[in-house]
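Comments concern the structure below.
Derivation of every value follows stated rules applied to the coordinates shown; laboratory data play no part. In this text the structure is predicted, and so the values were computed from the model without any measurement. All Cβ positions, even for glycine, are placed from backbone atoms using ideal geometry, and neighbour counts span all protein chains on display.
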Amino acid sequence: MIKPHLLPIIFLLSCLAVHAQSTETKFKDSSHTDEVSSPLGGVTQTAQQDSTKLLVQLVKDASEMVRKSGDKAFAEFRQEGSRWREGETYIFVLDTEGNMLVHADSSMEGKNQLDLKDVNGKPIIRGLINAATTVPNKPAGWYHYEWPVPGGLLPRWKSSFVQLVKAPSGKSYVVGSGMYNDRMERAFVVDLVKNAQAEIEKHGKAAFKTFHDRAGPYLAKDAYIFVFTMEGVEIVNPAFPSVEGNNNFDMQDAQGKYLVREIIKTVQTSDSGWVDYMWPKPGESIPTQKSAYVRKAMIDGEAYGVGCGVYLADAPKAAATSKQMSATELMTLVRQAASELEKRGDKAFPEFRKKGSKWFQDDTYVFVTKMDGTGILHPTEPDYENQNTSDLKDVQGRTFVKMFLEAANSPEAEGWVHYQYPKPGDIFPTWKSTFVKRVTFPTGEKHFVGAGLYNMQMDKALITDVVNRAAALVEKDGEKAFDQLRDKKGPYYFMDAYVFVNTPDGMELVNPAQPSLEGKNLLKEKDATGKYAVREYIEAAMKKGSAWTSYHWYKPGQNTPTPKHTYVRKVEHNGQTYVVGSGFYGEEQKK
């Protein structure tokens, strides 16, 4: 538990990013164009944002002062209004034991902060020191973690870049500064992959476990380390561990590019470089360019490809080839299929199997399952037919067939289920939203019918469905329902949507995406435009029973406010009143 008096230092540290240059050891600057740029449509993109470059230069200059003057430079770093302490930018200095020597909050100086952690348990000070000291011949590096901005409640990503520097006295210091930034810039990715390469070459295959550690340095923002053999076998993938061990040599991107072949070729011919390919972002149906930086790593004389793929800020999108079906349209399709099945039973199956029909278009198809979980119609995976699939789990452990059954057995006899599942012919799971409906065949036997869409754009239909189900659960069980709402493997948490619960006076009771908000009163919390967002949706729910409101909020793990459309319902349980809600980000979908 972090003590309240430590919060200012964490914010200041998290506002910091560090980079400097050691006099004993020179290393290749992370802004070198061979390392951090890649051609996009014939135009070389800038390696870093201007703000990052300015911050890097600030820390370089501060480190040079320490190299020349030692701790005599500290007094200048403490001067308010100087270039070292201006606005939200601060220089900080640590020794290698974790003692804070210079900080914008003077009460933090002279204290050891080695055990300081962010909201997800990532060690802040240890991570900063390790970034500058762990890799031989690399006395600087980036470190990323989450923490609220000074005076704020919501955790935000911070990128800190630190440098090890030796003073004339022979004592070593870690100098740094940083910024809130939810993007993985090219310099950050290069640094992450270099560190992973060094980890592999030092520890061999034992390093692979480190890449899966949620509290470690290799899972940051939307980035993770992957490792391939030269034959195309993926042996590390923390985001999708279910694909580890698969040979992906022939895997193609959304435009037919053999991306694993490109990764292997780059490693074999150049030792390092960037590979660009097209892949949909989670929750989006249109592919966006994803860029992977890869390097060669050696284990006992055998070469491996280690890399990190990210959606960069300047990544172009592919042109939309066709309009994706909306949630409402998919619901209509499933209800029409249910009507056919109620009239004709399994005699409708041949039409449902016919590719190109209204029932089977592109990646969207109708399937039918018995109420015990046994599949009886699955056009793309006939192996599921006559098999009990009720124990099937997605990559995150969701028992999605059991969720189908729960929705079909609900009083409404229908509902949405969201999980991660590969598209037909693919191996990597992506978000899929499936609508299911209970149906009675002419024989009297009950089944459920469903169909799904991949990377569906969130809209009001999906949010209304999840809030109504959550509200029914709270109305029935009260606070006993809260753990179910918090379950990240359950039906109430998917993509960037989650269910929250407030009291009428503004206390946040449930927030699985930002659990640090639970127990806090948010009634006076303003959005990015100054609107009292929480107060507004609570008042709307209390007055109308249910309502939609819109405001600007932060997606979990992102630092830029985004329009959010939230649906809330007033719920009563044993004399207690609750406001249950959820929302989606971005512009409202046009019908």
Q: Take every Cα pair under 8 Å in the range 159-243 that's 6+ residues apart, average their separations, divide by the length, and report that relative contact order as a whole percent.
A: 17
Q.
Can you tell me, using C-alpha contacts under 8 Å and at least 6 residues apart, the relative contact order of the chain as a whole percent?
A. 9
Q) What FRET efficiency, computed as 1/(1 + (r/R0)^6) with R0 = 22 Å and r the Cβ-Cβ distance, is obtained for F249 and A215, rounded to the nearest 0.05? A) 0.10
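For a Förster distance of 45 Å, can you work out the FRET efficiency between the beta-carbons of E475 and T134, rounded to the nearest 0.05?
After rounding to 0.05, the efficiency reads 0.30.
Can you compute the helix-only [θ] at 222 nm over the chain? Use -39500 (n - 2.57) per DSSP H run of at least 4 residues, normalise by all residues, nearest 500 deg cm²/dmol.
One gets -7500 deg cm²/dmol as the mean residue ellipticity at 222 nm.
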**Q.** At R0 = 25 Å, FRET efficiency that the Cβ-Cβ distance of E329 and I286 yields, to 0.05
**A.** 0.90
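Please rank R67, R535, R214, fewest neighbouring Cβ atoms within 10 Å first, as an exposure proxy.
Result, fewest neighbours first: R214, R535, R67.
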Q | the range 198-310: relative contact order as a whole-number percent, Cα under 8 Å and 6+ apart | A | 23
Q: Compute the distance in nm between two label points, each set 7 Å from the Cα along the Cα-to-Cβ direction, one at E412 and one at S550.
A: 2.3
Q: Write down Rg/Rh for the chain, rounded to two decimals, with Rg from the C-alpha atoms and Rh from the Kirkwood relation over Cα pairs.
A: 1.01
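By count of other Cβ within 10 Å, fewest leading, how are F74, F161 ordered?
Result, fewest neighbours first: F74, F161.
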Q: Calculate the spin-label point distance for K543 paired with K205, positioning each point 7 Å from the Cα along the beta-carbon direction, and give it in nanometres.
A: 6.5
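Of the listed pairs K265/K489; K72/K111; K60/K281, which have alpha-carbon separations greater than 26 Å here?
K265/K489; K60/K281
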Q.
Expected output is a single nm value to one decimal: the length gained when fully extending between Q576 and E76, i.e. 0.36 nm times separation in residues minus the C-alpha distance. What is it?
A. 174.3 nm
(Q) On the Cα set of the range 198-310, report Rg and Dmax in Å, please. (A) 13.6, 42
Q: Can you put K480, K531, K570 in order of Cβ neighbours within 10 angstrom, beginning with the fewest?
A: K480, K531, K570
Q. Across the range 78-144, how large is the tail of the calculated P(r) beyond 19 Å, expressed as a percent of all Cα pairs?
A. 40
Q. How many angstrom separate the Cα center of the range 157-206 from the Cα center of the range 296-352?
A. 37
Q: Provide the gained length on full extension for the span D363 to D115, in nm with one decimal, where the gain is 0.36 nm per separating residue minus the Cα-Cα distance.
A: 84.4 nm
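On full extension of the chain, what length is gained from E445 through D346, given 0.36 nm per residue of separation minus the C-alpha to C-alpha distance?
34.5 nm
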